[in-house]
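One structure below.
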Amino acid sequence: MDIVVKGRKTEVPERFRKHVAEKLKLEKIQKLDGKVISLDVEVSKEPNPRQADRCDRVEITLRSRGPVIRAEAAASDPYAALDLAAEKLDARLRKQHDKRFSRRGARRISAAEVPDHVPGAATLNGNGHPVHEEETDGVPTKKIGSLEVKGEGPLIVREKTHVASPMTLDQALYEMELVGHDFYLFVDSETKEPSVVYRRHAYDYGVIHLSTDPMVAQAQSPAPGGTLGG
């Protein structure tokens, strides 16, 4: 595998190409990700004189059989930008490597062991059925996280709340590829509504946008001025 260095609206000197080969050591990269397919480095120039301290931008794109990893940085010269981008790439590669290692080393637990590992999860009896903590009107009731389920209900073993900053669709795709998931939930910066991007066949992606039904929202809103009596 070779490193492809190219310039976008700028010339790339041979000296810089040699520096890239010295900075991005393939042996080190392949130790962290043994399935690397290609490694591209793109250099671009910002013509705006007001951004002289960030006029040179370097973007590194690593493609492998797993998710695409990108790292970019800007500085006053391409060498400094390359150093910053290389540090980001190394950190993300190590994160992916540690993630794969932890997955391989993780031990699967049985359904009966779930309550020991997940607080608030339902306890199972010898037949594999939930042991109900309360009974109301003869109907078994159990508490699962923030839900109270009567009868046979879903087994929720984890509940999470994330703080999300609005982002574009391109940013959401980038974050999904970086974490290596098949889907990514985000808040669309244009609509301010929750959306999901997901991986389809081959390299195709899909996106689902959620919007509030105006009829439902209107029905749930209190009537202005209160209720008039007869």
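A few remarks follow.
- Taking residues in the stretch 176-197 that are under 13 Å from His162 (Cβ atoms) and free of Cβ contacts under 8 Å to residues at least 24 places away in the same chain, and partners anywhere that are of a type in the set (Asp, Glu) and open to solvent by 40 Å² or more (accessible area, probe 1.4 Å), the pairs with Cβ atoms closer than 6 Å and at least 6 places apart or on different chains are Tyr184/Glu175.
- Listed by position, the strands (runs of 3 or more DSSP E) inside the stretch 137-230 whose residues that are at pLDDT 85 or above and small (Gly, Ala, Ser) number at least 1 are 194-199, 205-209.
- Here Ala74, Ala85, Ala52 are screened, and the one residue that is surrounded by 15 or more Cβ atoms within 10 Å (Cβ to Cβ) and either outside any strand (DSSP E or B) or touching a residue at least 60 places away in the same chain (Cβ under 8 Å) (or both) is Ala85.
- Candidate set from the stretch 33-90 (those that are closer than 18 Å to Gly7 by Cβ and of a type in the set (Val, Ile, Thr)); member that is nearest to the chain's Cα centre (by Cα): Thr61
- Selection count, the stretch 178-205, where residues are among the small types (Gly, Ala, Ser) and loosely packed, with under 12 Cβ neighbours inside 10 Å: 1
- If the condition is being touching a residue at least 24 places away in the same chain (Cβ under 8 Å) and not aromatic (Phe, Trp, Tyr), then the stretch 165-175 contributes Pro166, Leu169, Ala172, Leu173.
The values are calculated or read from the model by the stated rules, or taken from the named source; none is laboratory data. Keep in mind the model is a prediction, meaning the values are calculated, not measured. Please note: Cβ atoms are built from the backbone with ideal geometry, for glycine as well, and neighbour counts cover all protein chains shown. For the accessible areas, the whole protein counts, side chains as well, though only heavy atoms, and no ligand, DNA or RNA atoms are used. Shrake-Rupley method; radii C 1.70, N 1.55, O 1.52, S 1.80 Å.
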